[in-house]
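Student: Take a look at this one; I'll ask things after.
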Amino acid sequence: MRLINIDHVGIAVHDLDAALAEYERQYHVGAESREVNEEQGVEEAMLPIGASNVQLLSPLGPDTPVGRFLAKHGEGLHHIAYAVPSIDDALRHLAAEGVDLIDVEARVGGGGHRIAFVHPRALAGTLIELVELQ
């Protein structure tokens, strides 16, 4: 398994519209895509930054992973996502290494990408998302 690139950095926000307006005002960058992911309980927007993206995440309710994150930590860095050539190979490798996985199998994330999350306790307290290259 190898990491290809930083796919995106996820930032949790209370108000997606307000955060998007500030990115536009401050940095002149707008959303390339915006969608609701009911399964993950978020509305998300992807902002292209060079070869990577910033993903703004707003919870659909307080009892969602991002809603609980915001209640505990406030707005800010939520996760970092790495692109991998094969998510299935990556998950097999990490499981064999004894890494604490949130997802033992890939699921569908934003933009229809196959994704999986690695628990923050596995490495430096950082939630890691793996995104399969398409």
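Student: Please check: in the Gaussian network model of the chain (C-alpha springs, under 10 Å), which one of Gly50, Gly41, Gly61 has the largest mean-square fluctuation.
Tutor: Gly50
Student: Rg/Rh for the chain: what does it come to with C-alpha atoms and Rh from Kirkwood?
Tutor: On the way: Rg = 14.6 Å, Rh = 15.2 Å.
Result for the chain is an Rg/Rh of 0.96.
Student: May I pose another question? Exposure proxy check: Met1, Met46 ranked by fewest other beta carbons within 10 Å? Show your work: numbers first, answer last.
Tutor: On the way: Met1 15, Met46 18.
Least to most surrounded, the residues fall as Met1, Met46.
Student: If you take the beta carbon distance between Asp89 and Thr126 as r and set R0 to 22 Å, what does 1/(1 + (r/R0)^6) give as a FRET efficiency, to the nearest 0.05? Show your work: numbers first, answer last.
Tutor: Working: r = 22 Å, r/R0 = 0.98.
Computed FRET efficiency for Asp89 and Thr126 comes out at 0.55.
Student: OK, next. For labels at Asn37 and Leu60 in the simple 7 Å Cα→Cβ model, what's the distance in nm?
Tutor: 1.2
Student: Quote to one decimal, in nm, the extra length available between Ile102 and Ser52 on full extension: 0.36 nm per residue of separation minus the C-alpha distance between them.
Tutor: Full extension of this stretch gives 15.6 nm more.
Student: Now for a different question. DSSP loop trypsin sites (Lys or Arg not before Pro) in the stretch 1-38 with at most 16 other Cβ atoms within 10 Å of their Cβ, which ones?
Tutor: Here the trypsin sites (Lys or Arg not before Pro) that fit, given the DSSP loop and packing criteria, are Arg2.
Student: So if I place +1 on the C-beta of Lys and Arg and -1 on the C-beta of Asp and Glu, and nothing else carries charge, what would the dipole magnitude of the stretch 20-86 be about its Cα centre? I want it in debye, nearest 20.
Tutor: Working: 4 positive and 10 negative charges, 49 e Å.
Dipole about the Cα centre, nearest 20: 240 debye.
Student: Charges at C-beta only: +1 for Lys and Arg, -1 for Asp and Glu. How large is the resulting dipole of the chain about its Cα centre, in Debye rounded to 20?
Tutor: Details: 9 positive and 21 negative charges, 74 e Å.
Magnitude of the dipole: close to 360 debye.
Student: Going by how many other beta carbons lie within 10 Å of each one, how would you line up Asp17, Asp63, fewest first?
Tutor: Values: Asp17 13, Asp63 10.
Final ranking by Cβ density, sparse to dense: Asp63, Asp17.
Here, each number is a calculation from the coordinates, and none is a lab measurement. Predicted model, so just to flag it, every value in this text is computed and none were measured. Note: ideal-geometry Cβ built from the backbone for every residue, glycine included; neighbour counts use all protein chains shown.
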